[in-house]
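Asks: Quick one: the structure is below, questions incoming.
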Amino acid sequence: MHPARQLLIAALRWASGVLVAGLLAALLLYAAPGATVDEREIDPALGERTRARLRAEAGARPDFVSYYAGFLQSALRGDLGTSRAYHLPVTQLIGERWSLTAAAVAEGLAAAWALGLAGALLSAGSRWASPPFTAFSVLLLCLPSGLLAIAFFLARLPVAGILAAAVFPKIYQYLRNLLDQAARAPHCLAARARGIGPLRLLLLHRAWPLWPEAVTLAGVTVSTAIGAAIPTEALCDVPGLGQLAWKSALARDLPLLVALTIAVAAVTLGVNSVASVAAAAGGGRRWRS
Amino acid sequence: MTAARKLGCAGLGLLYAAGLLADLIAPGGYAAQDRDHPSARPTPAHWLGTDELGRDRLARLVHGTRVSLFLAPAAAAIATALAAVAGFASAVVARRAGQVLTLAFDVLLSLPLLFLLITLRAALPLQVPPWTSLLITFTLLGLLGWPSSARIVRAAVLSSRDSNYALQARAAGLVHSRLFAVHLLPHLRPVLAAQFLLLIPVFILGEANLGILGLGVVEPLPSWGSLLAELHNLDTLPSEPWRTAPALALLSAVLCFHLAGSRHGESPA
């Protein structure tokens, strides 16, 4: 398929994915228990007439289609609503905090990929390196990210390290499996039969052809790292988007939570779309060559 | 059976036995208070000490083990059933409808499970009775944890549908419904069993994360997640290592599930 066509399809999939996420989010806001109740109704400072007006305002809702259309229009204007807990525009809250989370996720992913790639290559190249890396990755896989956050906090290790620890096992195990499969592939057997050295065989014939799969995995790991950021930021008191999501969940601040969900969906779907296009282009070139 | 698998099965057997025999191991129950000894260190009367309210930590741990180990498979059963239906439907419906369903899987898969969990958990009332919170937590896990499995089921159905035996069955005049019921569904059984086994540790970890964040099972009912929430008090943790017992139990259980299921389907990653 032509790269431009692939890009167009990826962009359409991304847009429709965000629309579906928006639809589900709007449905959640519309149908959540207590959605028609304004918490100011229990404010003793307000009079009966004001409370009746609030009840009337909350009760007079349009049908869901009109509601979703209005929701989309506001979102396209950059208005994602107002936080019920913070009484501030949601875009402002997200704007103030996204850079902290993005930095932590980027650092965590960089560390996880460096360790995962090195571990997979070492394990594939030497039988002695495999047991410690495998044991370490299985141990990390068996711990919830919240517990990792507590352990790292006690050890005074950086926040990005927690995200790296949450992502590393997935990278290591996936790449390790791919490298093992590649070792049994006909082109590797042929290369070995021709007397190519083990290092060259590992790097050029086993590892290098796997880069499209690695790019696809990179897209998936962004989602994993963002997921791990919630307990990490909540427990380590980092004022990023993860902590914001946690606090908004505890306060049942649905407009904020829904906006965060759409933002996360847009980012993760975007990253996955780019990764898929890159992987497809790389895969096509690999098989043509 | 490999040694790792035997070890995993033995470990799970012990943990399930502890959960089943929780009433025998801790006949006082998980909510009984020893008000004379709050925050006590381990003693012969309280092997893992007591919490701030004087409740026996061992009793809470074994009852929490029962909750987590028996309800995570229930949630996994819900998710596997949903995955089977959605994956099967996306593979057998018309091409466009299948693509729409796959897009829905992709959207759900792209969102981190924990994000979805806390969003939907927050959409439901937070101040609920303990048993309701338990039901909500594990039902949400079951309702949200199926998309990855659905994609695998879809791939398995598509692969079986295009296989030689299916082609021969079609050529022999077998109608679609019979082809699916008699030939394709039995081939899905190992795939579904593998997905079920893989989802259990995922849901145990999901419940633990929700509990640590204070959005899981509410007091006084114990689960591994709600017991791990007590680790929030980090300052005293190094001097009271017995408080890490729920973390060790969780780690052992997930490890045992990985070891026991290592022959089924894909690797844990």
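Asks: Please compute, for peptide A:146-153, the average count of beta-carbon atoms on other protein chains lying within 10 Å of each residue's beta-carbon.
Replies: Mean shielding by partner chains, rounded to a whole number: 5.
Asks: Specify whether the C-alpha gyration tensor of chain B places it in the rounded, prolate or oblate class, a ≥ b ≥ c being the square roots of the eigenvalues: rounded for a/c under 1.5, otherwise prolate if a/b is larger than b/c and oblate if not.
Replies: Judged from the Cα gyration tensor, chain B comes out prolate (a/c at least 1.5, a/b above b/c).
Asks: Grab the eigenvalues of the alpha-carbon gyration tensor for the range A:119-238, scale each by 5, take roots, and send me the semi-axes largest first in whole angstrom. Please list the in-between numbers first.
Replies: Numbers: eigenvalues 232, 42, 18 Å².
Ellipsoid half-lengths, sorted descending, are 34, 15, 10 Å.
Asks: Roughly how big is chain A's charge dipole about its Cα centre, with Cβ charges of +1 (Lys, Arg) and -1 (Asp, Glu), in debye to the nearest 20?
Replies: Roughly 1340 debye for chain A.
Asks: While we're looking at this one, here's another question. Quick check for me: using +1 on Lys/Arg Cβ and -1 on Asp/Glu Cβ, what's the dipole size of the range B:34-121 about its Cα centre, in debye to the nearest 20?
Replies: Using only the charged Cβ atoms, the result is roughly 240 debye.
Asks: Is the shape of the range A:164-210 rounded, prolate or oblate, going by the alpha carbon gyration tensor and its root eigenvalues a ≥ b ≥ c, with a/c under 1.5 for rounded and a/b larger than b/c for prolate?
Replies: Values: a/c = 3.77, a/b = 2.51, b/c = 1.50.
Prolate shape, in that a/c is at least 1.5 and a/b is the bigger ratio.
Asks: So, one more: Determine the per residue accessible area of chain B with all protein chains present and a 1.4 angstrom probe, expressed in square angstrom.
Replies: 45
Asks: Sticking with this one: Where the Cα atoms of the range A:11-164 are projected onto their three principal axes, how long is each span, largest first, in whole Å?
Replies: On the principal axes, the range A:11-164 reaches 76, 42, 26 Å in Cα extent.
Asks: What residue among B:GLN168, B:PHE257, B:LEU205 has its Cα farthest toward the positive end of the dipole of chain B, where the charges are +1 on Lys, Arg and -1 on Asp, Glu, each on the Cβ?
Replies: Farthest towards the positive pole: B:GLN168.
Asks: Now, a different point. Debye calculation, C-alpha points only, no solvent: report log10 I(q)/I(0) for the range A:211-269 at q = 0.15, 0.16, 0.21, 0.27 Å⁻¹, in the same order as the q values.
Replies: Debye output, listed in q order: -0.48, -0.54, -0.80, -1.08.
Asks: From largest accessible area down, sort B:SER149, A:SER276, A:SER74; use a 1.4 Å probe on the protein chains.
Replies: Solvent-accessible surface, decreasing: A:SER276, A:SER74, B:SER149.
Asks: Take the solvent-accessible surface of the protein heavy atoms, probe 1.4 Å, and return the percent of it on chain A that carbon and sulfur atoms account for.
Replies: Answer for chain A is 67 percent, counting heavy atoms of protein chains only.
Asks: Can you tell me the order of B:39-46, B:191-198 when each peptide is scored by its average per-residue count of other Cβ atoms within 10 angstrom, highest first? Intermediate results must be reported in sequence, preceding the final value.
Replies: Working: B:39-46: 13.0, B:191-198: 20.6.
The densest-packed peptide leads the list: B:191-198, B:39-46.
Asks: What spacing in nm lies between the two simple spin-label points modelled at A:ARG5 and B:ALA94, each 7 Å away from Cα in the Cβ direction?
Replies: So the two model labels end up 2.3 nm from each other.
Asks: Explain nothing, just the number: dipole magnitude of the protein assembly as shown about its Cα centre with +1 on each Lys and Arg Cβ and -1 on each Asp and Glu Cβ, in debye rounded to the nearest 20.
Replies: Details: 44 positive and 29 negative charges, 514 e Å.
Result for the protein assembly as shown is approximately 2460 debye, rounded to the nearest 20.
Asks: Kindly provide the helix-only [θ] at 222 nm of chain A, computed as the sum of -39,500 (n - 2.57) over DSSP H runs of four or more divided by all residues, to the nearest 500 deg cm²/dmol? Don't jump to the answer; show the numbers that get you there.
Replies: Details: 11 runs with 216 residues, N = 289.
Value at 222 nm, helices only: -25500 deg cm²/dmol.
Asks: So for the range B:41-147, Kirkwood radius off the Cα pairs, Stokes-Einstein at 25 °C and 0.890 mPa s: how many µm² s⁻¹?
Replies: Taking Rh from Cα pairs, D becomes 148 µm²/s.
Asks: What does the charge count near B:ARG161 come to, summing +1 for each Lys or Arg and -1 for each Asp or Glu among other residues with Cβ under 14 Å from its Cβ?
Replies: +3
Asks: At what distance in angstrom do the alpha carbon centres of the range A:125-198 and the range B:197-230 lie from each other?
Replies: Answer, in whole Å: 27.
Asks: Which shape class, rounded, prolate or oblate, goes with the range A:3-281 when its Cα gyration tensor gives a ≥ b ≥ c as root eigenvalues, a/c under 1.5 marks rounded, and past that a/b bigger than b/c marks prolate?
Replies: prolate
Asks: For the protein assembly as shown, count the residues as N, evaluate 2.2 N^0.38 Å, and divide the Cα radius of gyration by that value, please.
Replies: 1.04
Asks: Before we go on, tell me the buried accessible area for the B/A pair, both chains summed, 1.4 Å probe, in Å² to the nearest 100. Before the final figure, lay out the partial values.
Replies: Details: alone 13930 and 16390 Å², together 26690 Å².
Roughly 3600 Å².
Asks: For the range B:139-145, in order, what is each residue's ³J(HN,Hα) by Karplus, 6.51 cos²θ - 1.76 cosθ + 1.60 with θ = phi - 60°, in whole Hz (x at glycine and Pro)?
Replies: Values per residue, Gly and Pro as x: 5, 4, 4, x, 6, 9, x Hz.
The values are calculated or read from the model by the stated rules, or taken from the named source; none is laboratory data. Everything numeric in this text was worked out from a predicted model, so none of it was measured. In this analysis, Cβ positions are derived from the backbone assuming ideal geometry, glycine residues included, and neighbour counts consider all displayed protein chains. For the accessible areas, the whole protein counts, side chains as well, though only heavy atoms, and no ligand, DNA or RNA atoms are used. Shrake-Rupley method; radii C 1.70, N 1.55, O 1.52, S 1.80 Å.
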